[in-house]
Structure formats: structure tokens, C-alpha cells
Amino acid sequence: MDTEGDSGHVNEEIPHPSPRERFYRRERQSVPAARAFTREALAGWGAVERSYDIVLCVSELATNALVHGVPPGRGFLLRLLPLPYDGGVRVELHDSGAGVPAVPQAQGAEPGEGGRGLLLVSELADKWGVGERDPGKVVWCEFARR
């Protein structure tokens, strides 16, 4: 027996947004393109709550990849994943370069022109880290809904 307002689907799952990814070549215009792609994906998911922080971290990670992680003739993969358990967002930046990025340690002075990217990521994201990839690495950060 159906009652008013009953759709008849008791266990219907709520669809989750699909992950989005895009590959960028090792060129200067890839950083603003990655920011625009991120803004578009977040708006499409309705995840605007922390979009400024997320876009800034994508910009910093993409810049780090181009300066330190992407060998000539290569590129990086930006992957954006909605977190199903809290509605947050995970950002992954995959590159084929060697080395493990780290936040610069304060030595009584502020970092120079370089070295602030991961410091910003570590302050803005709820979690971040570096994972192995063959070849290279994946630098990731997560943003929970507040």
C-alpha cells in the first residue's frame, strides 16, 4: 500500500559524483588550466564550501609538479575524487618524477620565494601525504566538509 509522498523505492541509493581527472603537459599554462578544471568540477558537484582552499592547493601542487616533479617531455595527472563518507574532496596529483616532497622546516626565517607550496597545503588541507607510483609519486590532500 502506497501512501502519499512514497516513491515506492525504499532502498534507492543516492548517486555520488563521479571522480574527475585530466592530464596536463609540462607547460606554464597547465597551472591555470588545472585551477579552472578544479573550479568546474567542484561547482558541478555542489562542493563550493571549501572551494577556495581546494583550488589554491591544486595550484600549489601543480606548480610543484612542474618545477620539481615532471621530467621534460612528460606531464602530470590531476585527479579529483569526492569522498563518499563525508562529502569532502580528495585531490591527487600524479607525476613521474623522482624525490619525495616535504614541508620546509622553519629555521628562524621565512622561506624564500620557493618552499611555501607544501606549507600552504599542510595548513589548508585536513590531511595530505605522498604515495608511491611507478614511475614517480602521487601527492594528495583531503578536505572534509565543515
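Residue-wise test of (1) over 14 Å from the mean Cα position of the chain (by Cα); (2) charged (D, E, K, R).
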| residue | (1), (2) |
| --- | --- |
| Q29 | yes, no |
| A41 | no, no |
| R50 | no, yes |
| C57 | no, no |
| V70 | yes, no |
| E92 | no, yes |
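Cβ-Cβ distances below 9 Å connect the following pairs, each with a first residue in the range 47-63 that is under 18 Å from F23 (Cα atoms) and among the acidic types (D, E), a second residue that is open to solvent by 40 Å² or more (accessible area, probe 1.4 Å) and not in a helix (DSSP H, G or I), and a separation of six or more residues or different chains: E60/R116.
The values are calculated or read from the model by the stated rules, or taken from the named source; none is laboratory data. For clarity, every value in this text was computed on a predicted model and none was experimentally measured. Cβ coordinates were reconstructed from backbone atoms using ideal geometry, including for glycine residues, and neighbour counts include every protein chain displayed. The accessibility values were calculated without ligands, DNA or RNA, using every heavy atom of the protein model including side chains. Shrake-Rupley method; radii C 1.70, N 1.55, O 1.52, S 1.80 Å.
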